[in-house]
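Visitor: Can you read through this structure? Questions will come right after.
The values are calculated or read from the model by the stated rules, or taken from the named source; none is laboratory data. Quick caveat, the model's predicted, so the values are computed rather than measured. So basically every Cβ, Gly included, is an ideal-geometry build from the backbone, and we count neighbours across all protein chains shown. Each accessible area value is taken on the protein alone, full model and side chains, heavy atoms only, with ligands, DNA and RNA left out. Shrake-Rupley method; radii C 1.70, N 1.55, O 1.52, S 1.80 Å.
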Amino acid sequence: MADAKQPTPGPFEVSTVRELVELMDKFDLSEVDLNDGDQRIRLRRGKPAPSQALVPIPTVAHQPAHAPPGPTPAPAGKKLLEIKSELVGTFYAKSDPTKDDYVKVGSRVTPDTVVCKVEAMKIFNEITAKVGGTIAEICVKNADFVEFEQVLFRVDPS
(Lines give C-alpha, C1' and ligand atoms only; values in the text may rest on other atoms or scores of the structure.)
Protein backbone atom coordinates (compact mmCIF):
# COMPACT_ATOMS: atom_id res chain seq x y z
CA MET A 1 0.00 0.00 0.00
CA ALA A 2 1.37 3.44 -0.94
CA ASP A 3 2.13 6.02 1.73
CA ALA A 4 -1.10 7.96 2.12
CA LYS A 5 -0.48 11.03 4.21
CA GLN A 6 -3.24 12.11 6.51
CA PRO A 7 -4.35 15.68 5.76
CA THR A 8 -3.45 18.20 8.46
CA PRO A 9 -6.55 19.11 10.45
CA GLY A 10 -7.89 22.59 9.59
CA PRO A 11 -8.64 25.25 12.17
CA PHE A 12 -12.37 24.51 12.22
CA GLU A 13 -12.17 20.80 12.93
CA VAL A 14 -13.45 19.77 16.35
CA SER A 15 -10.17 18.07 17.29
CA THR A 16 -8.22 21.25 16.56
CA VAL A 17 -10.62 23.41 18.56
CA ARG A 18 -10.45 20.97 21.50
CA GLU A 19 -6.65 21.01 21.41
CA LEU A 20 -6.58 24.82 21.30
CA VAL A 21 -8.96 25.04 24.28
CA GLU A 22 -6.75 22.61 26.23
CA LEU A 23 -3.65 24.70 25.42
CA MET A 24 -5.46 27.88 26.49
CA ASP A 25 -6.32 26.24 29.80
CA LYS A 26 -2.85 24.74 30.31
CA PHE A 27 -1.02 28.02 29.65
CA ASP A 28 -3.74 30.30 31.12
CA LEU A 29 -4.25 32.15 27.83
CA SER A 30 -7.23 34.46 27.43
CA GLU A 31 -7.17 34.53 23.62
CA VAL A 32 -5.88 32.51 20.65
CA ASP A 33 -6.11 33.86 17.11
CA LEU A 34 -4.93 31.65 14.22
CA ASN A 35 -4.86 32.30 10.47
CA ASP A 36 -4.22 29.71 7.78
CA GLY A 37 -4.67 31.24 4.35
CA ASP A 38 -8.24 32.48 4.17
CA GLN A 39 -9.29 30.45 7.23
CA ARG A 40 -9.24 32.03 10.68
CA ILE A 41 -10.25 31.00 14.18
CA ARG A 42 -10.26 33.19 17.30
CA LEU A 43 -11.00 31.73 20.71
CA ARG A 44 -11.47 33.91 23.82
CA ARG A 45 -12.01 33.08 27.47
CA GLY A 46 -13.59 35.30 30.09
CA LYS A 47 -15.17 38.70 29.64
CA PRO A 48 -13.64 41.14 27.16
CA ALA A 49 -11.77 44.04 28.75
CA PRO A 50 -13.32 47.49 28.29
CA SER A 51 -11.45 49.50 25.68
CA GLN A 52 -11.94 52.99 27.10
CA ALA A 53 -8.85 55.18 27.02
CA LEU A 54 -9.97 57.47 29.85
CA VAL A 55 -10.88 55.93 33.20
CA PRO A 56 -11.65 57.45 36.59
CA ILE A 57 -9.30 56.18 39.29
CA PRO A 58 -10.77 55.49 42.75
CA THR A 59 -9.05 56.66 45.93
CA VAL A 60 -6.29 54.26 46.96
CA ALA A 61 -4.82 53.95 50.45
CA HIS A 62 -1.28 55.28 50.85
CA GLN A 63 1.45 52.61 50.80
CA PRO A 64 3.84 52.76 53.76
CA ALA A 65 7.46 53.74 53.06
CA HIS A 66 8.66 50.22 53.88
CA ALA A 67 6.33 48.59 51.32
CA PRO A 68 8.12 46.46 48.70
CA PRO A 69 8.47 47.99 45.25
CA GLY A 70 5.54 47.20 43.04
CA PRO A 71 2.50 48.77 41.44
CA THR A 72 2.00 52.38 42.51
CA PRO A 73 -1.37 54.07 43.15
CA ALA A 74 -2.53 57.00 41.03
CA PRO A 75 -3.96 60.27 42.34
CA ALA A 76 -7.68 59.98 43.13
CA GLY A 77 -10.34 61.31 40.77
CA LYS A 78 -8.09 62.20 37.80
CA LYS A 79 -8.90 61.21 34.23
CA LEU A 80 -5.90 59.16 33.15
CA LEU A 81 -4.83 57.57 29.87
CA GLU A 82 -3.81 53.92 29.85
CA ILE A 83 -0.73 52.35 28.29
CA LYS A 84 -1.58 48.70 27.60
CA SER A 85 0.50 45.69 26.69
CA GLU A 86 0.52 45.00 22.97
CA LEU A 87 1.17 41.30 23.47
CA VAL A 88 1.30 38.46 25.97
CA GLY A 89 4.66 38.02 27.66
CA THR A 90 6.98 39.08 30.48
CA PHE A 91 7.09 42.77 31.46
CA TYR A 92 10.49 44.39 31.96
CA ALA A 93 10.73 47.88 33.48
CA LYS A 94 14.41 48.27 32.54
CA SER A 95 16.65 47.26 29.65
CA ASP A 96 19.21 45.64 31.98
CA PRO A 97 19.14 44.70 35.68
CA THR A 98 21.92 47.22 36.37
CA LYS A 99 20.15 50.13 34.61
CA ASP A 100 17.38 52.48 35.76
CA ASP A 101 13.73 51.83 34.90
CA TYR A 102 12.59 53.23 31.55
CA VAL A 103 10.06 55.41 33.42
CA LYS A 104 9.02 56.11 36.99
CA VAL A 105 5.99 57.82 38.51
CA GLY A 106 6.46 61.47 37.58
CA SER A 107 8.37 60.78 34.34
CA ARG A 108 7.26 62.87 31.35
CA VAL A 109 6.46 60.78 28.26
CA THR A 110 5.72 61.51 24.62
CA PRO A 111 4.02 59.10 22.20
CA ASP A 112 7.48 57.83 21.11
CA THR A 113 8.89 57.29 24.62
CA VAL A 114 9.87 53.66 25.31
CA VAL A 115 8.20 52.84 28.64
CA CYS A 116 9.10 49.13 28.96
CA LYS A 117 9.82 45.91 27.10
CA VAL A 118 7.64 42.80 26.87
CA GLU A 119 9.41 39.54 26.11
CA ALA A 120 7.47 37.06 24.02
CA MET A 121 9.04 33.92 22.57
CA LYS A 122 12.59 35.13 23.41
CA ILE A 123 12.02 38.42 21.54
CA PHE A 124 12.12 41.69 23.51
CA ASN A 125 9.51 44.11 22.17
CA GLU A 126 9.75 47.80 23.06
CA ILE A 127 6.44 49.31 24.17
CA THR A 128 6.04 53.04 23.48
CA ALA A 129 3.68 55.32 25.39
CA LYS A 130 1.59 56.31 22.34
CA VAL A 131 0.31 59.19 24.53
CA GLY A 132 1.85 62.28 26.07
CA GLY A 133 1.83 63.30 29.72
CA THR A 134 3.22 62.26 33.09
CA ILE A 135 3.36 58.69 34.41
CA ALA A 136 0.86 58.66 37.29
CA GLU A 137 0.73 54.94 38.05
CA ILE A 138 2.75 51.81 37.34
CA CYS A 139 0.32 48.89 37.35
CA VAL A 140 2.71 45.90 37.14
CA LYS A 141 5.99 44.80 38.69
CA ASN A 142 9.20 44.01 36.86
CA ALA A 143 9.22 40.43 35.50
CA ASP A 144 5.42 40.07 35.88
CA PHE A 145 3.60 38.06 33.23
CA VAL A 146 1.21 40.35 31.30
CA GLU A 147 -1.75 39.67 29.04
CA PHE A 148 -2.65 41.32 25.74
CA GLU A 149 -4.19 44.76 26.46
CA GLN A 150 -3.42 44.55 30.19
CA VAL A 151 -2.91 48.04 31.64
CA LEU A 152 0.78 48.63 32.35
CA PHE A 153 0.80 52.36 33.15
CA ARG A 154 -1.64 55.22 33.66
CA VAL A 155 -0.67 58.64 32.35
CA ASP A 156 -1.90 62.09 33.42
CA PRO A 157 -2.30 63.96 30.11
CA SER A 158 -2.35 67.42 31.75
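Visitor: Give the ranking of K94, K79 by solvent-accessible surface, highest area first, calculated with a 1.4 Å probe.
Guide: Heavy-atom accessible area, descending, gives K79, K94.
Visitor: Can I ask one more? For L80, what is the net charge nearby, where nearby means another residue's Cβ is under 12 Å from its Cβ and Lys, Arg count +1, Asp, Glu -1?
Guide: Within the 12 Å Cβ shell, the charges total 0.
Visitor: Of the cross-linked pairs K79/K122; K99/K122; K26/K104; K78/K141; K26/K84; K26/K99, which ones have a Cα-Cα span greater than 27 Å in the structure shown?
Guide: Where the Cα-Cα span goes over 27 Å, the pairs concerned are K79/K122; K26/K104; K26/K99.
Visitor: Length gain on complete extension for the stretch M24 to R44, per 0.36 nm per residue less the alpha carbon to alpha carbon distance?
Guide: Gain on extension, M24 to R44, equals 6.3 nm.
Visitor: Same structure, new question: So, counting K/R as plus one and D/E as minus one, what does the shell of residues with Cβ under 10 Å around Y102 add up to?
Guide: Once all neighbours under 10 Å are counted, the net charge is +1.
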